[in-house]
Amino acid sequence: MASVRQVQVTFDSVEPERLAYFWCEVLGYEVPTPPDGFAPWTDYDASLPAESQGRAFVCADPTGAGPRLHFQRVSEEKVVKNRVHLDVRVGTDLEGDERLSALQAESDRLVALGAAQVKVLHADGVDESCIVMQDIEGNEFCLD
């Protein structure tokens, strides 16, 4: 019998810290406490060799229930559609106009943070409505 393992979701990013803070706002996550001896993360980052500074940042669910998100710097910008994306569960147990209204309200909040609403997918008798979004670096995710 396989044991349950913790999951970390890793994003390639041009600006890891900025993207981490965006996702903290989306999910209610927090940036973990810096290592002992460092008050802000910027002090820790400044202690690293120049080539390692700004290379990664993380955020985590303060309850421990959700996966940790890790953002790693890459030199290239995103150029193709994600093969994996996050579904941010906003409309759970809601249907019809009530669901769409909750999704749109969350979309409006995230657009104010720098996200982009890509398209609204309306209920089709099989699937309920959802909204396709892009984060501040163009990574797709859904409000579901």
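The strands (runs of 3 or more DSSP E) found wholly in the range 81-141 and carrying at least 2 residues that are under 13 Å from the mean Cα position of the chain (by Cα) occupy 86-88, 130-134.
A quick yes/no check of all residues on (1) at pLDDT below 95; (2) open to solvent by 50 Å² or more (accessible area, probe 1.4 Å); (3) within 21 Å of the chain's Cα centre (by Cα); (4) within 23 Å of L86 (Cα to Cα):
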{"site": "R5", "(1), (2), (3), (4)": "yes, yes, yes, yes"}
{"site": "Q8", "(1), (2), (3), (4)": "yes, yes, yes, yes"}
{"site": "Y21", "(1), (2), (3), (4)": "no, yes, yes, yes"}
{"site": "C24", "(1), (2), (3), (4)": "no, no, yes, yes"}
{"site": "L27", "(1), (2), (3), (4)": "no, yes, yes, yes"}
{"site": "F38", "(1), (2), (3), (4)": "yes, yes, no, no"}
{"site": "W41", "(1), (2), (3), (4)": "yes, yes, yes, no"}
{"site": "A50", "(1), (2), (3), (4)": "yes, yes, no, no"}
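Selection over the range 54-72 of residues that are among the small types (G, A, S), surrounded by fewer than 13 Cβ atoms within 10 Å (Cβ to Cβ) and more than 20 Å from F141 (Cα to Cα) gives a count of 1. Tell me, yes or no, whether the range 33-42 has at least one residue that is touching a residue at least 24 places away in the same chain (Cβ under 8 Å), in a helix (DSSP H, G or I) and not polar (S, T, N, Q). Yes: the range 33-42 contains one or more residues that are touching a residue at least 24 places away in the same chain (Cβ under 8 Å), in a helix (DSSP H, G or I) and not polar (S, T, N, Q). The set of residues in the range 76-104 that are without any contact (Cβ under 8 Å) to a residue 24 or more places away in the chain and small (G, A, S) comprises S101, A102. Looking only at residues of the range 73-86 that are of a type outside the set (A, V, I, L, M) and open to solvent by less than 80 Å² (accessible area, probe 1.4 Å), we find that the one that is nearest to E128 (Cα to Cα) is N82. Condition first: open to solvent by less than 100 Å² (accessible area, probe 1.4 Å) and not β-branched (V, I, T). Now tell me which residues in the range 87-99 satisfy that. Scanning the range 87-99 gives D87, G91, L94, G96, R99.
The values are calculated or read from the model by the stated rules, or taken from the named source; none is laboratory data. Note that the structure is predicted; figures quoted are calculated from it, not measured. So basically every Cβ, Gly included, is an ideal-geometry build from the backbone, and we count neighbours across all protein chains shown. Heavy atoms of the whole protein, side chains included, go into the accessibility calculation; ligands, DNA and RNA do not. Shrake-Rupley method; radii C 1.70, N 1.55, O 1.52, S 1.80 Å.
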